[in-house]
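The values are calculated or read from the model by the stated rules, or taken from the named source; none is laboratory data. Just so you know, these numbers come straight off a predicted model, no measurement behind them. As a convention, Cβ positions derive from the backbone with ideal geometry for all residues, glycine included, and neighbour counts pool all protein chains shown. Heavy atoms of the whole protein, side chains included, go into the accessibility calculation; ligands, DNA and RNA do not. Shrake-Rupley method; radii C 1.70, N 1.55, O 1.52, S 1.80 Å.
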Amino acid sequence: MTTQHTDSTPVEDNRYALRPDGETKGRIAILTADQVEDTEFFYPYYRFVEEGYEVDVLTPDGNGITGYKGLPLKAGTRPIDGAVWTDYDALFIPGGLAPGVLRTNEAVLSFVQGFAETGRPVGALCHGPQVLISAGLAQGRRMTSWKDVEPEVTAAGATYVDEPLVEDGQFLTARKPGDMPIQLRRFLQRLSQG
């Protein structure tokens, strides 16, 4: 089934989010790869679009992704190589097994480090903080993550806090899918405050 999105490009993917009509509020990058936790990708993806943001799904190869539980997104992805961090108002890194792939990619780490220098909001969920750790951004921070990542968080020089949302400066981290309503509410508040 072919659908149309706002720029009239035909899309062969029923999961591709159609942005509501109206002026865009900004642009958000979701950084991910195959084996992302399906819920942790699709829930924020749709929430950001619903709130009026343009969302670029950045992947190592620019191809579509398939979640850990098998849900694919075939359209709307772009390669991380060539993406410019100053083009985005926020960065979100969902978990699952994808962060294990992302954290070994130099283009990903360079993008995350550059984006962090902007001071704009960075959300990381579940295993997502692994990317922040590999990018050298955990030292001296308060963070949370999936419980199995706690040893990495503390070894990287961060203070692990077992709470649904830990906000330290521009970084908003959460532990698991059930924490997303709290994390995303605050993340979107931060974006609306500029």
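What are the residues in the stretch 66-116 that are assigned to a helix (DSSP H, G or I), of a type outside the set (Gly, Ala, Ser) and within 18 Å of GLN130 (Cα to Cα), if any? Correct list: PRO99, VAL101, LEU102, GLU106, VAL108, LEU109, PHE111, VAL112, GLN113, PHE115.
Only a single criterion out of (1) open to solvent by less than 60 Å² (accessible area, probe 1.4 Å); (2) in contact with a Leu (Cβ under 6 Å, 6 or more places away or on another chain); (3) part of a loop (DSSP other than H, G, I, E, B) is not satisfied by ARG15, namely (1). Considering only the stretch 111-118, I want to know if a residue exists there that is within 17 Å of LEU97 (Cα to Cα) and either under 17 Å from the mean Cα position of the chain (by Cα) or open to solvent by less than 10 Å² (accessible area, probe 1.4 Å) (or both). Among the residues of the stretch 111-118, not one is within 17 Å of LEU97 (Cα to Cα) and either under 17 Å from the mean Cα position of the chain (by Cα) or open to solvent by less than 10 Å² (accessible area, probe 1.4 Å) (or both), which makes the answer no. Pairing each residue of the stretch 87-102 that is more than 18 Å from ILE28 (Cβ to Cβ) with any residue that is at pLDDT 95 or above, provided the two are 6+ apart or on different chains, yields C-beta distances under 6 Å for GLY96/GLN35; GLY96/VAL36; GLY96/GLU37; LEU97/GLN35; VAL101/ALA33. TYR43 falls short on exactly one of the conditions (1) under 21 Å from PRO177 (Cβ atoms); (2) crowded, with 22+ Cβ neighbours inside 10 Å, and that condition is (2).
List the number of the failed condition for GLN139; all other conditions in (1) assigned to a helix (DSSP H, G or I); (2) open to solvent by 70 Å² or more (accessible area, probe 1.4 Å) hold. In the conditions (1) assigned to a helix (DSSP H, G or I); (2) open to solvent by 70 Å² or more (accessible area, probe 1.4 Å), GLN139 misses (1) alone. Exactly one residue out of LEU91, LEU102, LEU73 is farther than 22 Å from ILE182 by Cα, open to solvent by less than 10 Å² (accessible area, probe 1.4 Å) and in contact with a strand residue (DSSP E or B) (Cβ under 6 Å, 6 or more places away or on another chain): that is LEU73. For residues in the stretch 142-193 being touching a Phe, Trp or Tyr at 6+ places or on another chain (Cβ under 7 Å) and open to solvent by less than 50 Å² (accessible area, probe 1.4 Å), which is farthest from SER110 (Cα to Cα)? The selected residue is MET180.
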